[in-house]
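Below: the structure, in C-alpha cells.
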Amino acid sequence: MRLYWAPRTRSSRVLWMLEEVGAPYERMLVDLANGGQHNPAYHAINPMEKVPALECDGATVAESGAIIAFLADRFPQMGLAPPISDVSRGRYLQWLFFSPMIEMAITQKFANVQMPEHSAGWGSFDKVFNVLSEVLTTSPYMLGEKFSAADVMIGSDLHFVIDVFKMLPPRPEFSAYLERCHSRLAFLRAQKIEADGA
Ligand SMILES: N[C@@H](CCC(=O)N[C@@H](CS)C(=O)NCC(=O)O)C(=O)O
C-alpha cells in the first residue's frame, strides 16, 4: 500500500489507522507548500487535489473517512470494525459518519455563521459535542468497551478540536478518552512518523 500524505494534516488519522492495521505500506510525501497536490499525476489519484489518498493493490481511495473504513474492512482480522452481518455495524457506521458533523460544527464556529438548529444537519456546535460527551461519559470508546476504526475518526477529530485548535474547554470525559486513544502504540508510532517526517 502507498499513502499519499503530508504532516500535520488530515493524513495523520490515516497514518494512525495504517499503524493499527499493521500491514506494510510506504509513504509518499505530497509537497502541499509547493503545489504537489496539483500535479496531474496526483490529480488522477485524488481529483480533489488534497491529502490523504491511498493506493492499494492497484485501486486508489481518497477521503480520510473512506480510507479508514476501507482499511478496517480490508483487514478484518484486526477487529477494527464489526463484521458486515453484525447488528452493531449500524452504530459503528453512525459514528464513522459522524465526523463530517464535527467538521461542520467547527467550520460554523470559525466562520461565526448563525443557523437555525433544526435546519443545520449537525444541529449546532454544542449539540455535536454534547452528543459525544453523552457516549464517552458512559463508555470508554464510541462502541463501548472495544476500540474501533470509529475511534480513529472521532479520536482524531477531538484531538484537533481540543488539543490543537483549543475550541472546547476541557471536559473530563474527552480528556480521559483522548488519553486512552493517545496511549495506543499505533497512535504513538504514527506521531513519531509525523514528527520525523515534519
Ligand atoms: N475531506 C477530506 C479533506 C482533506 C483535506 O482538506 N486535506 C487538506 C489538508 S488537511 C489538503 O490537502 N489541503 C491542500 C489543498 O487544499 O491545497 C478528507 O477528510 O480527506
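Data table
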| read-out | value |
| --- | --- |
| Choice from I84, I68, I106 with maximal GNM fluctuation in the chain (Cα, 10 Å cutoff) | I84 |
| Gyration tensor verdict on the stretch 19-177 (Cα atoms; rounded if a/c is under 1.5, prolate if a/b is larger than b/c, oblate otherwise) | oblate |
| Whichever aspartates and glutamates have a C-alpha closer than 18 Å to that of K127, once near sequence neighbours (fewer than 8 apart) are set aside | E103, E117, D157, E173 |
| Gained length - H118 relative to N39, 0.36 nm times residue gap less alpha-carbon distance | 24.3 nm |
| Relative contact order for the chain, counting Cα pairs under 8 Å that sit 6 or more residues apart, in percent | 23 |
| Per-residue [θ]222 nm for the chain (sum of -39500 (n - 2.57) over DSSP H runs n ≥ 4, rounded to 500) | -14500 deg cm²/dmol |
| Long-range HN-HN contacts of T9 with modeled amide H, under 5 Å | none |
| Contact order relative to length of the stretch 127-193, as percent, for alpha carbon pairs under 8 angstrom and 6 or more apart | 28 |
| Three-way shape label, the stretch 100-141, alpha-carbon gyration tensor, a/c 1.5 | prolate |
| Residue-span extension gain [D73 to L29] - 0.36 nm each, minus C-alpha spacing | 13.3 nm |
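Read the figures in this text as sums done on the coordinates, not as results from a lab. None of the values given here were measured: they were computed from a predicted structure.
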